[in-house]
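Peer 1: My questions all concern the structure below.
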Amino acid sequence: MCGIVGAIAQRNVAKILLEGLSRLEYRGYDSSGVAINNETGVRAHRAVGKVQALKDKFEAEPLDGKIGIAHTRWATHGKPTEANAHPHFSGPDLALVHNGIIENHDVLRRELKAKGYEFKSETDTEVIVHLVHEALKSEPNFVQAVKNALESLHGAFAIAVTLNDENERLVVARQGSPLVVGVGIEENFVASDQLALLHVTDQFIFLEEGDVAELTRDGVTVWDKDDIIQERPISVFNHNVDATDKGEFRHYMLKEIYEQPTVVAACLEGRLSHERVLTSCFGANSEFLKQVENVHIVACGTSYHAGMVAKYWIEDMANIPCTVEVASEYRYRKVAVPKNTLFLTLSQSGETADTLAALRMAKELNYLTTLAICNVPSSTLVRESGLTLLTKAGAEIGVASTKAFTTQLTALLITSIAIAAEKGELSDAKQAELVQALRSLPAYLDAAIKQDSTIQVVAEQFANKHHALFLGRGPMFPIALEGALKLKEISYIHAEAYPAGELKHGPLALVDEDMPIITMVPHNVMLDKLKSNLQEVAARGGELFVFADKDTDLHSEEGVTFTEVPKVDAILEPIVHTIPLQLLSYHVAVVKGTDVDQPRNLAKSVTVE
Ligand code: F6R
């Protein structure tokens with residue numbers, strides 16, 4: 001989604017802003033722009049496409065100055081054109097960048113036009129900058145004028161505004177879209193994401209909902225939603241700074257696939273004793289584990305698929321009902337909440353608009369408590385949830401989620417075991433066995449990654465395919481959904497997933513020699529049933545790609561490509577079987593020559609509805 005960077009410093013900020021935009025590229029965007037404020041006024045460059053196109057403009061015509069704002073735009077209102085790219089101006093001296101959506105922009109646009117404002121773009125953003133301009137006519141204080149203008153807006157936004165006057169400062173505000181202030185020495189910064197500022201600072205102030213802040217070179221003043229000045233705490237960034245470095249890897253996605261044994265080990269660290277899950281990992285208030293009688297899991301996309309796997313674990317081990325729902329549906333319906341229900345959200349970013357809205361709605365309902373399983377410790381989701389279990393995957397840059405998913409599954413398995421054990425549904429011996437299995441997970445993930453070069457060869461067979469069908473049974477069905485999502489996201493091959501038992505009820509009609517069928521075969525009671533499903537496909541000339549351990553007795557033959565996955569404890573199968581699917585999608589995308597880390601139309605952090 002859109003990204004904001006802003007800076008006020010003693011030095012030229014152009015390079016800082018451009019580097020910040022490059023660091024935001026992973027979020028997904030289609031145009032970018034920078035406005036620099038200096039004694040000659042506010043001047044801007046904008047470009048469609050990659051940030052490099054903007055850098056080329058700076059190369060050809062440098063803009064220098066010590067105050068500036070910058071933006072990567074992911075089109076919502078109006079096509080990705082230069083005219084629609086931010087910053088937007090009202091007059092020559094006032095420029096603004098914006099993330100989010102202004103829902104009442106139509107009405108505001110009409111009102112502003114009636115007052116004589118001319119619109120140069122189709123964006124909802126342009127109304128904000130004209131509103132600030134209008135407010136400045138009656139309110140000479142820039143900060144107050146911005147606050148006055150914001151009162152007319154409905155929707156979600158984060159903004160940064162610069163005005164060319166004698167008081168050098170940036171004014172920023174947050175309502176519904178994340179914004180973080182970077183604190184430097186005699187310089188201060190703002191961005192929608194810490195990663196955008198790691199080249200200039202590691203000290204951050206996270207703005208809260210409704211905050212407005214003024215940034216000068218010497219300090220940061222924050223007003224809360226009630227217009228009271230607040231001292232917000234400064235946090236020091238402790239992710240590995242190298243997260244923004246691809247290292248030896250060609251793409252972030254591949255690097256992040258390879259990181260999984262390490263980050264899963266980090267996710268397990270401090271959460272297991274020799275024989276038990278340590279309930280202290282949920283914080284001091286772990287009493288809920290005993291009380292919980294129902295679980296409602298709410299999430300989006302890949303995180304939703306992780307939730308679907310957890311339903312199998314929770315119902316199986318803890319013997320309590322568990323529902324899983326996509327946040328965009330949950331938030332718009334009346335939900336029945338049985339007594340003692342845990343509300344559990346899953347999110348890599350912790351900033352997904354629908355998941356946050358669902359959490360806020362749930363907090364008004366009669367839930368036992370809210371638990372967020374999340375990767376970003378400083379995120380809104382973490383700050384607004386009752387309890388948190390961090391996934392500790394480190395910064396994930398590739399738009400297609402990989403290590404965030406397997407660490408979510410790991411955290412969910414820890415949670416499921418803890419609930420089952422605290423409710424007395426798990427014997428000590430069984431818990432010790434599961435903990436032992438969890439401890440071996442990083443090594444199995446490593447073994448699964450070792451199949452990379454084999455899977456690379458398999459991927460070549462997908463180069464000319466337009467469709468693919470993924471099949472799974474039991475907890476492998478959500479893994480099939482996740483495999484299909486990965487393939488369509490980065491290789492643009494249309495892919496669908498079905499529970500294998502549903503094949504005869506419709507999708508079998510699609511099966512012919514042009515339709516590859518990908519299936520993960522678990523080594524459990526469903527093995528024989530799945531083998532019959534595979535026969536049904538083979539009999540219709542379908543091309544099968546089977547991922548299974550060698551004890552399943554499956555092998556490559558005419559029409560069947562067999563790839564070995566390490567044999568693991570049944571509970572770990574969904575996690576370990578994810579790896580070959582990630583690698584398959586990755587290599588298919590490379591073969592097809594797509595933009596693996598920034599697939600078209602997609603954004604890393606979906607901060608608008
Ligand atoms: C897919 C993907 C998305 C996200 C979804 C939710 O690879 O990354 O489907 O999983 O947008 O995002 P988070 O987990 O940040 O809430």
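Peer 1: Considering region 278-311 alone, what residues qualify as being at pLDDT below 95 and surrounded by 16 or more Cβ atoms within 10 Å (Cβ to Cβ)?
Peer 2: Of everything in region 278-311, those that are at pLDDT below 95 and surrounded by 16 or more Cβ atoms within 10 Å (Cβ to Cβ) turn out to be T279, C281, F282, F288, L289.
Peer 1: Scan region 325-351 and report the pairs whose first residue is in the same structural domain as G394 (by TED's automatic domain parsing) and whose second residue is among the acidic types (D, E) and buried (at least 24 other Cβ atoms within 10 Å of the Cβ), with Cβ atoms within less than 7 Å and a gap of 6+ or a chain change.
Peer 2: Every condition considered, the pairs that remain are Q348/E396.
Peer 1: If you take the residues in region 224-243 that are surrounded by 13 or more Cβ atoms within 10 Å (Cβ to Cβ) and more than 19 Å from L179 (Cα to Cα), which one is modelled with the lowest pLDDT?
Peer 2: Of everything passing the filter in region 224-243, V241 is modelled with the lowest pLDDT.
Peer 1: Ok, one more. Condition first: within 22 Å of the chain's Cα centre (by Cα) and closer than 20 Å to L207 by Cβ. Now tell me which residues in region 1-20 satisfy that.
Peer 2: Listed by number, the residues that qualify are M1, C2, G3, I4, V5, G20.
Residues checked against (1) touching a strand residue (DSSP E or B) at 6+ places or on another chain (Cβ under 6 Å); (2) assigned to a loop (DSSP other than H, G, I, E, B); (3) among the hydrophobic types (A, V, I, L, M, F, W, C):
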position: T370; (1), (2), (3): yes, no, no
position: S378; (1), (2), (3): yes, yes, no
position: T388; (1), (2), (3): yes, no, no
position: A429; (1), (2), (3): no, no, yes
position: L469; (1), (2), (3): yes, no, yes
position: A480; (1), (2), (3): yes, no, yes
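Peer 1: I would also like to ask the following. Kindly establish whether L371 is more than 12 Å from the ligand (Cβ to nearest atom), modelled with pLDDT of 95 or more and over 21 Å from G176 (Cα atoms).
Peer 2: Spelling it out, it is not the case that L371 is more than 12 Å from the ligand (Cβ to nearest atom), modelled with pLDDT of 95 or more and over 21 Å from G176 (Cα atoms).
Peer 1: Count, please, the residues in region 1-20 that happen to be β-branched (V, I, T) and in a loop (DSSP other than H, G, I, E, B).
Peer 2: So the answer is 1.
Peer 1: Can you report the number of residues in region 527-545 which are touching a helix residue (DSSP H, G or I) at 6+ places or on another chain (Cβ under 7 Å) and at pLDDT 85 or above?
Peer 2: 2
Peer 1: So if I check each of I414, I397, which one is within 27 Å of the chain's Cα centre (by Cα), assigned to a loop (DSSP other than H, G, I, E, B) and touching a residue at least 12 places away in the same chain (Cβ under 8 Å)?
Peer 2: Only one candidate passes the filter, namely I397.
Peer 1: Continuing with this model, one more query. If you scan region 13-59, which residues turn out to be of a type in the set (A, V, I, L, M, F, W, C), touching a residue at least 60 places away in the same chain (Cβ under 8 Å) and over 26 Å from I490 (Cα atoms)?
Peer 2: Across region 13-59, the qualifying residues are I16, A35, V42.
Peer 1: Still on this structure: Residues of region 164-176 being over 13 Å from A7 (Cα atoms) and either buried (at least 23 other Cβ atoms within 10 Å of the Cβ) or among the aliphatic types (A, V, I, L, M) (or both), which ones?
Peer 2: Within region 164-176, A173, R174 qualify.
Peer 1: Report yes if A480 is modelled with pLDDT of 95 or more, closer than 20 Å to V590 by Cβ, under 27 Å from the mean Cα position of the chain (by Cα) and within 16 Å of the ligand (Cβ to nearest atom), otherwise no.
Peer 2: So A480 fails the test.
Peer 1: Next up: Taking I314 as meeting all but one of (1) within 15 Å of the ligand (Cβ to nearest atom); (2) surrounded by 22 or more Cβ atoms within 10 Å (Cβ to Cβ); (3) in contact (Cβ under 8 Å) with a residue 60 or more places away in the chain, write down the number of the exception.
Peer 2: Of the numbered conditions (1) within 15 Å of the ligand (Cβ to nearest atom); (2) surrounded by 22 or more Cβ atoms within 10 Å (Cβ to Cβ); (3) in contact (Cβ under 8 Å) with a residue 60 or more places away in the chain, the odd one out for I314 is (1).
Peer 1: Identify the residue in region 396-443 that is more than 16 Å from the ligand (Cβ to nearest atom) and among the basic types (K, R) and, among all such residues, is nearest to D193 (Cα to Cα).
Peer 2: Filtering first and then ranking leaves R439.
Peer 1: Here is a further query. Being out of contact with any Ser or Thr (no Cβ under 8 Å at 6 or more places or on another chain) and closer than 19 Å to P580 by Cβ narrows it down to one residue among E425, E433, E482, E460; which is it?
Peer 2: Going through E425, E433, E482, E460 in turn, the sole match is E460.
Peer 1: Next up: Could you tell me which of the residues S378, S349 is under 30 Å from G270 (Cα atoms) and crowded, with 22+ Cβ neighbours inside 10 Å?
Peer 2: Among S378, S349, only S349 is under 30 Å from G270 (Cα atoms) and crowded, with 22+ Cβ neighbours inside 10 Å.
Peer 1: Quick check on my filter: what residues within region 565-609 are in contact with a Lys or Arg (Cβ under 7 Å, 6 or more places away or on another chain) and either closer than 17 Å to T410 by Cα or of a type outside the set (D, E, K, R) (or both)?
Peer 2: Listed by number, the residues that qualify are L581, Q582, S585, A603, S605.
Peer 1: Follow-up. Please give the number of the condition V337 fails out of (1) touching a Leu at 6+ places or on another chain (Cβ under 6 Å); (2) within 16 Å of the ligand (Cβ to nearest atom).
Peer 2: It is condition (2) that V337 fails.
Peer 1: Let me ask something else. Across region 247-276, which residue is surrounded by the fewest Cβ atoms within 10 Å (Cβ to Cβ) among those that are touching an Asp or Glu at 6+ places or on another chain (Cβ under 7 Å) and part of a helix (DSSP H, G or I)?
Peer 2: Of everything passing the filter in region 247-276, P261 is surrounded by the fewest Cβ atoms within 10 Å (Cβ to Cβ).
Peer 1: A follow-up question, please. Give me the pairs, please: first residue somewhere in region 595-606 and more than 15 Å from V48 (Cβ to Cβ), second residue anywhere and of a type in the set (S, T, N, Q) and crowded, with 17+ Cβ neighbours inside 10 Å, beta-carbon distance under 6 Å, and either six or more positions apart or on two chains.
Peer 2: S605/S349; V606/T352
Peer 1: Still on this structure, please answer the following. Any residue that is part of a loop (DSSP other than H, G, I, E, B) and on the phi > 0 side of the Ramachandran plot - is there at least one of those in region 208-217?
Peer 2: Yes, region 208-217 has at least one match.
The values are calculated or read from the model by the stated rules, or taken from the named source; none is laboratory data. Being a predicted model, the structure only gives us computed values, none of them experimental. Please note: Cβ atoms are built from the backbone with ideal geometry, for glycine as well, and neighbour counts cover all protein chains shown.
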